[in-house]
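The values are calculated or read from the model by the stated rules, or taken from the named source; none is laboratory data. If you're wondering where the values come from, they're calculated on a predicted model, not measured in any experiment. All Cβ positions, even for glycine, are placed from backbone atoms using ideal geometry, and neighbour counts span all protein chains on display. Accessible surface areas use protein heavy atoms only, side chains included; no ligands, DNA or RNA. Shrake-Rupley method; radii C 1.70, N 1.55, O 1.52, S 1.80 Å.
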Amino acid sequence: MHPNQTYRRTPHDRAIAFVRDRAFGQLTMNSPDGLLAAHVPVLLSDNAATLDLHLVRSNPILRHLSDPQPILLAITGPDGYVSPDWYGVDDQVPTWNYAAVHLHGTLEKLPQDQIRDVLDRQSAHFESQLPKPPWTTAKMTPEVLEKMMRQIVPCQITITDIQSTFKLNQNKPDDVRLRAADAMATSGIGTETTQLAALMRTPPE
């Protein structure tokens, strides 16, 4: 996380909402084989205490889950380059704005018979956001579904700590920050720069 505490004052509820909305992150774990990583969709529990996910059976991380293991899950959001010219004031330097939440915890395998429940809840979360009747596993041929489910393993992260960085020019005067946000919205370089501009207009207190 960024060392400047100005960028780390995100209210806990806002960080939790960010994780629940993004629902995709980079899972990292140390192992005897070195540092391992996987990019996974996750489903945050209602009480924000756990995250459910699944890994393909061939994922190297699963070889080291005979016991729960400490992990870091990084959930990232919009990011983009900020030109000094956008501020409209002298003696500024380039920077990169972004939003990210880091979740520390322990990762463990769930019983294999829970895989369909994990799949159903994850797909329901995303399907509910689409403008169509939701897809469900009930639409699949049972034999095909069973074969595919044998290839993935349900897992759960128990969260022990949540830290966030919302670096959105909140260290600048409001008028300066808003000029940069306007420029980000129209000509930003990065990912989801329109969403980043919206965050820059209403940064955490």
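Annotations
- When the residues of the range 162-185 are filtered to those that are in contact with a Lys or Arg (Cβ under 7 Å, 6 or more places away or on another chain) and free of Cβ contacts under 8 Å to residues at least 60 places away in the same chain, the one that is least open to solvent (accessible area, probe 1.4 Å) is Ala181.
- Spans of strands (runs of 3 or more DSSP E) in the range 1-92 with at least 2 residues over 16 Å from the mean Cα position of the chain (by Cα) and surrounded by fewer than 18 Cβ atoms within 10 Å (Cβ to Cβ): 24-31, 34-41, 69-82
- Residue in the range 149-161 that is open to solvent by less than 60 Å² (accessible area, probe 1.4 Å) and outside any strand (DSSP E or B) present: yes
- Selection count, the range 111-141, where residues are touching a residue at least 12 places away in the same chain (Cβ under 8 Å) and among the hydrophobic types (A, V, I, L, M, F, W, C): 6
- Residue that is surrounded by the fewest Cβ atoms within 10 Å (Cβ to Cβ), among those in the range 186-199 that are closer than 20 Å to Asp13 by Cβ and touching a residue at least 40 places away in the same chain (Cβ under 8 Å): Gln195
- Consider the range 93-108 and keep the residues that are touching a helix residue (DSSP H, G or I) at 6+ places or on another chain (Cβ under 8 Å) and within 30 Å of Asn171 (Cα to Cα). The one that is surrounded by the fewest Cβ atoms within 10 Å (Cβ to Cβ) is Val93.
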